[in-house]
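Worksheet: the structure to be examined is printed underneath.
The values are calculated or read from the model by the stated rules, or taken from the named source; none is laboratory data. Keep in mind it's a predicted model, so treat the numbers as computed, not measured. No Cβ is skipped: glycine too gets one built from the backbone with ideal geometry, and neighbour counts run over all protein chains shown. To get the accessible areas, we keep the full protein, side chains included, count just its heavy atoms, and leave off ligands, DNA and RNA. Shrake-Rupley method; radii C 1.70, N 1.55, O 1.52, S 1.80 Å.
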Amino acid sequence: MSTPARLQYLRIKAEHPDEILLFRMGDFYETFDDDAEVVARDLEIALTSREFGKGERVPLAGIPYHALEGYLGRLIRAGHRVALCEQTSDPATSRGLVDREVVRIVTPGTVVEESILDPAANSYLAAVCPADGQVGLAYADITTGEFVTGQVPAGDLADELARLSPAEVLVPEGAGIDAAGRPLVELAPAAFAPEAAADRLRRHFSVLTLEAFGCEGMELATGSAGAIVHYLDRSHRDGLARLGGLSTRSAGSRMLLDDRTVRNLELFEGGRSARADASLAWVLDDTRTAMGARLLRRWIGAPLLDLGELGTRQDVVEWFHSSALRRLRAAELLSGVSDIERLIVRVRGGSASPRDLLALADSLRAGPQVRELLRSGDDAGPAAALGSGVGAHEEVIGLIGAAVADDPSASVGDGRVIRRGYSAELDAIRDGARGARDYIAGLEASERDRTGIRSLKVGYNRVFGYYIEVSKANADRVPAEYVRRQTLVNAERYVTPEMKEYESRVLEAQDRIAEVEAALFAGVCAEVARSADAVLATGRALARIDALRSLGEVAAARAYVRPEVDGGTGLEIEAGRHPVVERMLPAGQFVPNDATLSAEQEQLVVLTGPNMAGKSTFIRQVALIVLMAQIGSFVPARSARVGLVDRIFTRVGLQDDLTVGQSTFMVEMVETAAILNHAGPRSLIVLDEIGRGTSTYDGLAIARATAEYIHNHPDLGCRTLFATHYHELTRLAEQLPRVRNYNVSVAEDRGEVVFLRRIVPGGADRSYGVHVARLAGLPAGVIARAWDVLSELEGAESPNGPPGRAESPHRQLSLLAPTPRVVEELAALDPSSMTPLEAIAKLYELRDRARERP
């Protein structure tokens, strides 16, 4: 028969079948049955068993309660949801079974433990509410209090999720939403119902209308935000209390970057091993606070489309850039600022420690000094306006300083948290306890003197409390008032009525101190929490200052310049450099290059040249310079003028997607189709080797069709960089008015190839592929044979090739010199009226017919 504890466990586990249930039993969190086997495996701890009633033994795995945070992080990273079941009644006073209940469900999007979180990145819980080609998208970070909602086209959802990289995504059951590998939680559709969601939000924020939040009447935005409140109310009410406000994001205020562009431009991870220290974020991040680092990452992932806001950022960056002393002083002040956002949110949620309060006060003290720094100098206009967002918070600082001791203990209740002088009641209890402690502290010496027993000792254990220990050799000298409590092998333990009275005073005082101190500390936190919104505003202003100072510091250190950003459609970069590649090379070794694009004249650049010459670096650096310009950063160039870009699209690299069974070529075509279907006149497209995933004929046909479509389609005509090995595409410049040819210059010296890394006008006439193969280390025999085969193939293609040599079946025909049988039909085509798929299908048809010639 099962014990009461076993029945209690089974009842609670039945309410949480999808979570690992950590069941508090004394000093351990225990897991049982299947949970125990999973926990033992994933945490690599011992799997044992425990008897719950006669003949009922079940698997058991436990972790110490004081080590919960570390184990919790491992379980969450392993993909588990964890239900924390705590003892809610005092075991010392409970009669029978201790009361237990689940107080929190820990999920990837509701983690608040510092050791699990990345201080430089947000941890978002997102919710998606779809309907009629639109989706409501809300996201919240309960560690910073950020709570945002809005509505976006359904086609942009994947890119928005890529930008946010949420730890967890809430969706309606059966909605069929793809979260691109992110943890997905399905909720009942009622959780997203607009009316119920709006009511839920009004109750949470204690308001009558959502107008102040900007989402009144936006049903999908309201539904997604209400789903987050619903989820937190069920799983983490303390986390819900951390959300003190809601903002609505307006559509079109930020550039949307898809996941491929983020990856291809290596914004946050770079290199084959996805290293964080080979990315644009690594180059630009000289922040001194976790808040500033998180904000800078958000800026990099969402460049601005508002010229006014962009100019304001640039003005502050320039203000910092112009003075090394300002940057140095700001860095010194900001280095002493802790994570105000997460600290005040912990205070608001009731989970702050005494040291959190001290860190908050120290951080807020730096605020006025930063504000005064930004007001200094005759050119302080834009910086001073930014500094005005930093509050003084004298009452909060004063309260914490008066209430919390200089070196408090980590937890509340031992009497070392609240400063003496803050509470007369607590001071009186402490003073009363001091006399009793002094008595017990001096008891050993006084009893030795009184009894003459020099070996007499006073000790303490949890069973008997304080006791006097006397060796058996001195048992005949024990005073009559000693009361024997315990017999040992060589000693006896005694108590006295007077000693027990003082002990009672100490223990009562300890309990009372713990009670009063906890109440006082909670009161201080509640008082500080009343200023949470203002403190958050200061934290966010300091984060903004830190991020802009970082951009100014990097600009000065790396010789970046302020770009001119306007509403035109041009792009002029003089002596541009790739920010990441340059940073990783020795100083002065990177070769800069110019770039010119415009929707009216040089719209599409066809860039040719050998592998390893720098084509990919060049086209990426242009895209990165544009992106940097639109986050407010200075850029690596001698000068730059950027016509505002609304989207950056990239198609770079060859890779299979085995997770969905897509070949290299299919991935390439899907990504290219996405670009052609989403780009607009103000977009910037970067294409690297379109068509390489299939045969030469097909690849060339698709590459040309893609270039023509971008050039001719009335809804495109956008600035495009097209790197290719298909030299035939250089003929496009003779036929399309806004196509220009450039190549990466190469020098040859006695058969050796030197890559000059210079982008120059004109098309390349050779690929130098065998040269690159030799540089890569292919065996000499392979290289020699490659030269022979290349010579044969080139001779077969040449009209003056060796007489009598059979034409190679592998030679590459030029689509720009088509056979007479298809030329008339090709000339009659109207590419601007064709969809990408129609164009590709037609080119396949022409290809097949060209091969059928006599």
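With the simple model of a label 7 Å out from the Cα in the direction of the Cβ, LEU208 to VAL58 spans 5.3 nm. Evaluate the Debye formula for region 236-393 with equal point scatterers sitting on the alpha carbons, no solvent, and hand back log10 of I(q)/I(0) at q = 0.11, 0.14 Å⁻¹, in q order, two decimals. Log10 I(q)/I(0), no solvent term: -0.60, -0.97. Scanning residues 5 or more positions from LEU267 or on other chains, those with amide H under 5 Å from its amide H are LEU280, with H placed 1.01 Å from N in the peptide plane.
What FRET efficiency would be calculated for the residue pair TYR65, ASP379, taking the C-beta separation as r and a Förster radius of 41 Å, to the nearest 0.05? Working shown, then result.
Working: r = 57 Å, r/R0 = 1.38.
Efficiency, from the Cβ-Cβ distance: 0.15.
Do any trypsin sites (Lys or Arg not before Pro) in region 293-390 lie in a DSSP loop with no more than 12 other beta carbon atoms within 10 Å, and if so, which?
Values: sites: ARG294, ARG297, ARG298, ARG313, ARG326, ARG327, ARG329, ARG342, ARG346, ARG348, ARG355, ARG365, ARG371, ARG375; in loops: ARG375.
When the trypsin sites (Lys or Arg not before Pro) of region 293-390 are filtered for loop state and at most 12 Cβ neighbours within 10 Å, nothing remains.
Ligands, DNA and RNA aside, LYS842 has an accessible area near 40 Å² when probed at 1.4 Å.
Could you sort 412-424, 677-689 so that the peptide with the highest average Cβ count within 10 Å comes first and the rest follow in order?
677-689, 412-424
Karplus-derived 3J(HN,Hα) values for region 740-747, using 6.51 cos²θ - 1.76 cosθ + 1.60 with θ = phi - 60°, are 10, 9, 9, 9, 8, 5, 9, 10 Hz; glycine and proline are entered as x. Heavy-atom accessible surface of the chain, averaged per residue, reaches 45 Å², computed with a 1.4 Å probe. With each label modelled as a point 7 angstrom along the Cα→C-beta vector, the ARG50-ASP715 pair spans 6.3 nm. Here the extension length gained between ARG454 and ASP132 equals 106.9 nm, from 0.36 nm per residue of separation less the Cα-Cα distance. At what distance in angstrom do the alpha carbon centres of region 614-654 and region 1-34 lie from each other? About 56 Å separates the Cα centre of region 614-654 from the one of region 1-34.
Here r is the Cβ-Cβ distance between ALA522 and ASP414 and R0 is 22 Å; the resulting FRET efficiency, rounded to 0.05, is 0.90. Couplings 3J(HN,Hα) of region 723-736, computed from phi: 8, 8, 9, 7, 4, 4, 5, 5, 5, 4, 4, 7, 10, 10 Hz, in residue order, whole Hz [Karplus 6.51 cos²θ - 1.76 cosθ + 1.60, θ = phi - 60°; x for Gly and Pro].
Helix 307-321 and the longest principal axis of the C-alpha atoms of the chain enclose an angle of approximately 70°. The C-alpha atoms of the chain define a longest principal axis, and helix 194-205 lies at about 50 degrees to it.
In region 1-91, Cα pairs under 8 Å separated by at least six residues give a relative contact order of 35 percent. Less than 20 Å from a label point 7 Å out along the Cα-to-Cβ axis of VAL789: which backbone N atoms in region 612-645 qualify, by residue? It comes to 612, nothing else. Loop-located trypsin sites (Lys or Arg not before Pro) in region 196-278 (DSSP state not H, G, I, E or B) with no more than 13 neighbouring Cβ atoms inside 10 Å: ARG272. Annotated for the chain: lysine pairs at least 8 residues apart or interchain, Cα distance under 28 Å, count 4. Computed on the chain, the Cα convex hull volume stands at 262 Å³ per residue. For the chain, the 222 nm mean residue ellipticity estimated from helices alone, with every DSSP H stretch of n ≥ 4 adding -39500 (n - 2.57) and the total spread over all residues, rounds to -13500 deg cm²/dmol.
With 0.36 nm allotted per residue and the present C-alpha distance subtracted, the GLU216-ASP18 stretch has 67.8 nm of extension available.
Expressed as a whole percent, the accessible area of region 170-252 that falls on carbon and sulfur atoms is 49 (1.4 Å probe). Note on region 514-574: Rg/Rh from C-alpha atoms, Kirkwood Rh, equals 1.40.
Sparsely packed loop sites in region 82-167 (the trypsin sites (Lys or Arg not before Pro) outside DSSP H, G, I, E and B with at most 16 other Cβ atoms within 10 Å) comprise ARG95.
Length available on full extension from ASN474 to LEU307: 0.36 nm per residue minus the Cα-Cα distance, which gives 50.9 nm. Roughly how tilted is helix 324-335, in degrees to the nearest 10 and between 0 and 90, from the longest Cα axis of the chain? Compared with the principal axis, the helix lies near 40 degrees. With r as the distance between the Cβ atoms of GLU734 and ASP698 and R0 = 25 Å, compute the FRET efficiency 1/(1 + (r/R0)^6) and round to 0.05. FRET efficiency, ASP698 to GLU734: 0.60.
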